[in-house]
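Since every read-out is calculated from the coordinates, none of them should be taken as a lab result. What you see is a predicted model, and the numbers here were worked out from it, not measured in a lab. Using ideal geometry, Cβ is built from the backbone for each residue, glycine included, and neighbour counts are taken over all protein chains shown.
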Amino acid sequence: MQLRAQRDQRDPQAKRAKRLTRVLVGAAAVPVMLVAAGCSSDSGSDDGKDKAAEESAASKSASPSPTVKAAAYGKLPEPCSVVSKKTLDDLVPKADSGKEGSSNDTAMRAGCSWDSLDDNGVKGSQFRWLSVSMLRFESDVTRGEGEKLAHDYYLKQLKDAQAAEGAKSLKTAPVSRTGNEASVVSYDLKKKEGTFKQQTVVARVENVVVTLDFNGAGLAGDKTPDAGDLVKDAQKAAKEAVAAVMKANDTSAGGTPSGTPQGSGSPSKPASETSSKAPSKSS
């Protein structure tokens, strides 16, 4: 009986110990649950950031593509008709019909040339050669506006003309009222047949560049033509060619091209470091 009483006295203590153990275990489980909840909350925050990044990327991809101002002129005139018959009779009086240059795309590149030999028998003869070439530039997102591309090519043509091999007494002068900008390069070129007087007029009208070459020589003892007269003739022909480009694009030849800044008809500055090839067909 005594042993049973002792067990009864110990049992309440054992029961309290068990209850305390359960309480401690339960209390320890609470932080674990809180930590788990915290992890779950952080995960949700990351998902929000990822979603925001995706939306930002989608917004950027939906932004409009870069654009460039469209070129003013979309075509070129028939090259052998850009100079009037009267002017041709004055510049190349003995010329047959013009010879059109080869081109894969006459809306982008075109040209025509004429040559004349006025034979005066024992007094010699007068030779003339006239060539007109046109190059049109389209606007391009990568390369830029057609007008800017044409301006760069205009300067290049002037440099080429001024760099003609064997050129003597070279001069460069602005040409007024001929497109947006224009200059004439003049020089002498001595060949075995005689002294050739070369005139190269380079003009830009909007996104088109016109290059006109005109040279003359007195052969077999005939007198050398006057350079001043040849310059005037070349400028006249260049004005007609530029007007033909404007007319082909439904622009009044006597007015300012659409989209052209006021004063565009004023002469360009002579390009001191800037020309067409020497007269390769001068004989």
> What residues from region 65-104 fall in the zone where the backbone N is under 18 Å from a label point 7 Å along the Cα-to-C-beta line of Glu193?
Replying inline: 91-99
>> Less than 12 Å Cβ to Cβ from Gly124, Lys/Arg counted +1 and Asp/Glu -1: what total charge do the surrounding residues give?
In response: -2
> Which of the GluC sites (Glu not before Pro) found in region 90-166 are loop residues per DSSP with 12 or fewer other Cβ atoms within 10 Å of their Cβ?
Replying inline: Glu165
> Using the Karplus equation 6.51 cos²θ - 1.76 cosθ + 1.60 (θ = phi - 60°), what ³J(HN,Hα) coupling, rounded to whole Hz, does each residue of region 105-117 give in order, writing x for Gly and Pro?
Replying inline: 8, 6, 7, 10, 9, 7, x, 8, 9, 9, 9, 9, 10
